[in-house]
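*Asks:* Sharing a structure below in structure tokens format, with a few things to ask.
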Amino acid sequence: MLDRAAADGNDGIHPRLVAVSGNTRRPSRCRTLTNAITARIAELVRVEIRIIELVDLGPGFAASFERAELPPRLLSAIEAVETADVLVAVSPVYNGSYTGLFKHFLDFVGSGTLVGKPVVIGATGGGPRHTLVVEHQLRPLFAFFNALTIPTAVYAEDASFTSSTLTDPVVMRRVEMAAAQVAAILTATGIRSTLAG
Ligand SMILES: Cc1cc2nc3c(=O)[nH]c(=O)nc-3n(C[C@H](O)[C@H](O)[C@H](O)COP(=O)(O)O)c2cc1C
């Protein structure tokens, strides 16, 4: 489904869904959760998908402090987020919050560029202790941007996965709810949206 949606190309007709997966290694549960959310949205509405993995941004990423000095690949990723119609933002939990690199990436995003933009927030952690990271850390972060954060946030722990597949029915249900909420917003607002079918 991801491939089919991506194959729609940059046609300016379908909403542009940009997913930021904060993984700094592979295989990655964060990336798996990002895929699950993105794929489910693509099953409900036609979208043009770009997935950004922080691990791909290269060594210049952590060493860049000013937008003017960003390497082209990083600038392209930032601009994709800024111009997206809908965003999926998922981070691993490090020390009780999103990772420092995830925040470093978002620090380059223009503060006015996410206003009113639908954003699905998600996180992966080792266990259940930090389930509410999505509510206490990620939701306020996107409130700063005045984004339209989707009501259902998704948290998955190590036990939610079997090998590299998301298998926890409770988490999958939340993925379903979040995707349905995105689809409802895109359809209601008519953001270059066409129902998938
Ligand atoms: C430096 C570090 C700090 C972590 N801190 C937490 C934590 O506070 N709470 C938690 O549930 N998991 C914690 N974890 C586990 C990771 O969140 C978990 O392994 C990660 O979500 C898996 O994502 P990935 O496969 O994409 O790397 C930590 C892992 C690392 C490497």
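No lab work stands behind these numbers, since they all come straight from the coordinates. None of these values were measured; they are calculated from a predicted model. Here the Cβ positions follow ideal geometry from the backbone for every residue, glycine too, while neighbour counts run over all protein chains shown.
*Asks:* How do Leu114, Leu75 line up, fewest other C-beta atoms within 10 Å first?
*Replies:* Arranged by neighbour count, lowest to highest, Leu114, Leu75 become Leu75, Leu114.
*Asks:* So, one more: With the crude spin-label approximation of a point 7 Å out along Cα→Cβ, what separation in nm comes out for Ala68 versus Thr187?
*Replies:* 4.8
*Asks:* What 222 nm value per residue comes from the helices of the chain, counting each DSSP H run with n ≥ 4 as -39,500 (n - 2.57) and dividing by all residues, nearest 500 deg cm²/dmol?
*Replies:* When only DSSP H runs of four or more count, the value is -10500 deg cm²/dmol.
*Asks:* Follow-up. Under the definition of Cα pairs under 8 Å and six or more residues apart, what whole-number percent is the relative contact order of segment 4-143?
*Replies:* Computed value for segment 4-143: 28 percent relative contact order.
*Asks:* Measuring from label point to label point, each 7 Å out along Cα→Cβ, what is the Arg173 to Thr113 span in nm?
*Replies:* Rounded to a tenth, the inter-label distance reads 3.7 nm.
*Asks:* Let me ask something else about it. Taking H as built 1.01 Å from N, whose amide H comes closer than 5 Å to the amide H of Ile52, not counting residues under 5 places away?
*Replies:* Long-range HN contacts for Ile52: Ala19, Val20, Ser21.
*Asks:* With a 10 Å radius around each residue's Cβ, average the other Cβ atoms per peptide and rank 76-89, 97-110, highest first.
*Replies:* 76-89, 97-110
*Asks:* Could you give the distance between the Cα centres of segment 133-187 and segment 11-36, to the whole Å?
*Replies:* A separation of 12 Å, based on Cα centres.
*Asks:* For the chain, max minus min Cα coordinate along each principal axis, in Å, sorted largest first?
*Replies:* Projected onto its principal axes, the Cα set of the chain covers 42, 41, 29 Å.
*Asks:* How do Glu53, Glu66 line up, fewest other C-beta atoms within 10 Å first?
*Replies:* Ordered from fewest to most neighbouring Cβ atoms within 10 Å, Glu53, Glu66 come out as Glu66, Glu53.
*Asks:* Based only on other Cβ atoms within 10 Å, what is the fewest-to-most ordering of Ser28, Ser91?
*Replies:* In order of increasing Cβ crowding within 10 Å: Ser28, Ser91.
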